[in-house]
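Comments concern the structure below.
FYI, it's all coordinate maths here, none of it is from the lab. Predicted, not measured: the structure shown is a model, and the values here were computed from it. FYI the Cβ positions are ideal-geometry reconstructions off the backbone, even for glycines, and counts take in every protein chain you see.
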Amino acid sequence: MLAALEALITVAIGIGVTLVPLSVLWATDYGFSVDWLVFWRASVDIWLLGNGVDLTVTLPSALVAAIGIPEASAPFLVSFVPLAVAAFTVIMGARTGSRAAASRYWPIALGSALVTFVLITGSLALTAVDSTVNPSLPQSFLVPGAIYALGLVIGARRVLFRADAMGNGRVKAWVTGIADRFDDTAAAVLSAAFRGGFAAVLGVVAASGILLAVAVIGNFGLITSLYQSAQLGVSGGIMATIAQLAFLGNIVIWVASWLIGPGFALGAGSSISPVNTLVGPIPAFPIFGAVPNGDLPFGFLGLLVPFIIGFVAAALVRPQLIRALRGGPLAVRLAIAAVGIGVVAGLGLGLLAWFSGGAIGPGRFETVGPNPWLVGVFAFAEVTIAALIGMASGKSDPGQLDVPARRTGTASR
């Protein structure tokens with residue numbers, strides 16, 4: 001029951017974060033003259049969109065004429081996922097999963113939490129169906145549940161893999177059985193590849209966050225002027241800030257794609273990359289004031305970041321890998337580990353790029369964000385090259401590596 005209650009609380013918080021300020025906006029700016037259900041549906045739509053559910057938007061003809069976008073006369077898809085909302089769902093799922101896994105009947109607890117979350121989210125989607133904005137009902141019952149299930153698995157794993165919390169040890173035995181299928185050398189190489197690749201992904205994302213903070217501070221005046229020119233008022237300004245915080249994670253991934261090389265697009269025909277910047281009309285979100293409006297003279301230096309991080313990631317895992325290896329072709333195994341680091345980094349950054357983009361409107365705004373295939377390929381190439389250099393750097397321990405050979409020679413004598 002507690003796990004199901006936590007799932008209910010997760011949905012309540014996720015919707016309440018936007019429903020409360022929207023209700024304040026309804027009272028202060030609209031004077032209760034608008035049907036409150038409009039704001040309820042908007043909050044549910046934001047929650048569903050943040051959990052991967054596509055929205056089909058059909059604008060009234062009067063609004064289409066007012067905004068002057070002919071493409072908006074036909075229904076269009078909004079598939080842009082604010083990653084902060086999805087991250088919140090995963091984090092809350094992990095908290096629930098860790099608590100549920102500590103109980104005696106953890107499979108039932110995890111199942112009840114997931115079923116409760118799916119049923120509540122799907123039922124809320126039914127209340128949000130409208131002639132203007134229509135969420136995909138099949139996705140509402142599937143995609144948010146998958147995101148929440150990911151969090152449950154992450155949280156449960158942390159508890160179930162501890163010896164004192166596994167009861168009869170079936171989980172540990174299952175994992176040990178999988179690990180035993182690999183010899184020590186293969187396990188060491190795979191472990192180094194995953195740890196190094198994960199470190200490279202974290203490093204690139206962290207560097208992107210720092211660069212975004214610098215860009216926001218450097219363009220703070222322009223961002224402030226965009227706030228002022230929008231004349232949003234207090235309530236509208238709060239809502240605009242919440243909306244930008246919701247997709248702040250997306251922008252961090254866009255900066256990562258910029259550092260990697262392919263860059264990102266803010267609409268079809270636009271390109272923001274270290275070597276070329278072409279920006280057309282973009283939505284008037286103040287945060288977009290940090291986007292460069294021209295080519296940066298030293299923008300190509302950003303390409304050094306993934307190389308440096310890939311080198312450092314390989315250098316960090318190299319000593320432990322060498323200690324785990326005993327004899328054999330050391331150079332080949334180090335090279336395989338370096339390529340593995342590049343594969344993990346390419347897959348990780350490519351997936352993040354895929355999650356960070358989508359359609360935010362009609363016409364040219366059907367294409368927003370980076371190209372995940374290019375980001376993945378570029379990241380693989382850059383990190384692999386840097387990891388190969390990192391694996392080739394430093395000293396090995398020949399005494400440790402030659403132990404098997406010495407024993408063989410002694411036995412023959």
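What length, rounded to one decimal in nm, is gained on full extension from Ser271 through to Phe300, with 0.36 nm per residue of separation minus their alpha-carbon distance?
9.0 nm
Considering only the Cα atoms of the chain, their convex hull presents on average a projected area of 24.8 nm².
Convert 37 °C to kelvin, take the viscosity as 0.692 mPa s, use the Kirkwood radius over C-alpha pairs of segment 182-413 as Rh, and evaluate the Stokes-Einstein diffusion coefficient in µm²/s, rounded to a whole number. It comes out at roughly 167 µm²/s. With a ≥ b ≥ c taken as the square roots of the eigenvalues of the C-alpha gyration tensor of segment 2-179, please select rounded if a/c is under 1.5 and otherwise prolate if a/b is larger than b/c or oblate if it is not? Note, shape of segment 2-179 comes out prolate. In segment 242-307, the C-alpha radius of gyration followed by the widest Cα-Cα span (Dmax) gives 11.9, 34 angstrom. Shape class of segment 1-103 from the alpha-carbon gyration tensor: oblate, with a/c at 1.5 or above and b/c at least as large as a/b. Gain on full extension, evaluated as 0.36 nm per residue between Arg326 and Ser23 minus their Cα-Cα distance, stands at 102.5 nm.
Using a cutoff of 8 angstrom between alpha carbon atoms and counting only pairs six or more residues apart, the relative contact order for the chain works out to 18 percent.
When the helix-only estimate is applied to the chain (DSSP H runs of n ≥ 4, each -39,500 (n - 2.57), divided by the residue count), what is the mean residue ellipticity at 222 nm, nearest 500 deg cm²/dmol?
Numbers: 16 runs with 280 residues, N = 413.
Taken over the chain, the calculation gives -23000 deg cm²/dmol.
Projecting the Cα positions of Tyr227, Gly361, Val312 onto the charge dipole of segment 182-413 (unit charges on Cβ atoms of Lys, Arg, Asp and Glu, taken about the Cα centre) puts Val312 furthest along the positive direction.
Please rank Trp36, Trp258, Trp354, fewest neighbouring Cβ atoms within 10 Å first, as an exposure proxy.
On the way: Trp36 14, Trp258 27, Trp354 17.
With the fewest neighbours first, Trp36, Trp258, Trp354 line up as Trp36, Trp354, Trp258.
Arranged from fewest to most other beta-carbon atoms within 10 Å of their beta carbon, Glu382, Glu366 become Glu366, Glu382.
From least to most packed, judged by other beta carbons within 10 angstrom and beginning with the fewest, Thr241, Thr121 follow the order Thr241, Thr121. In this rough spin-label picture, where each label sits 7 Å from Cα along the Cβ direction, the Phe32-Phe307 distance is 6.5 nm.
Applying a length cut-off of 24 Å (Cα extent along the axis) and a mean Kyte-Doolittle floor of 0.5 to the DSSP H helices of the chain leaves 2-28, 83-101, 106-127, 137-160, 184-218, 304-324, 330-356, 372-392. Directionally averaged projected area (segment 13-55, Cα convex hull): 2.9 nm².
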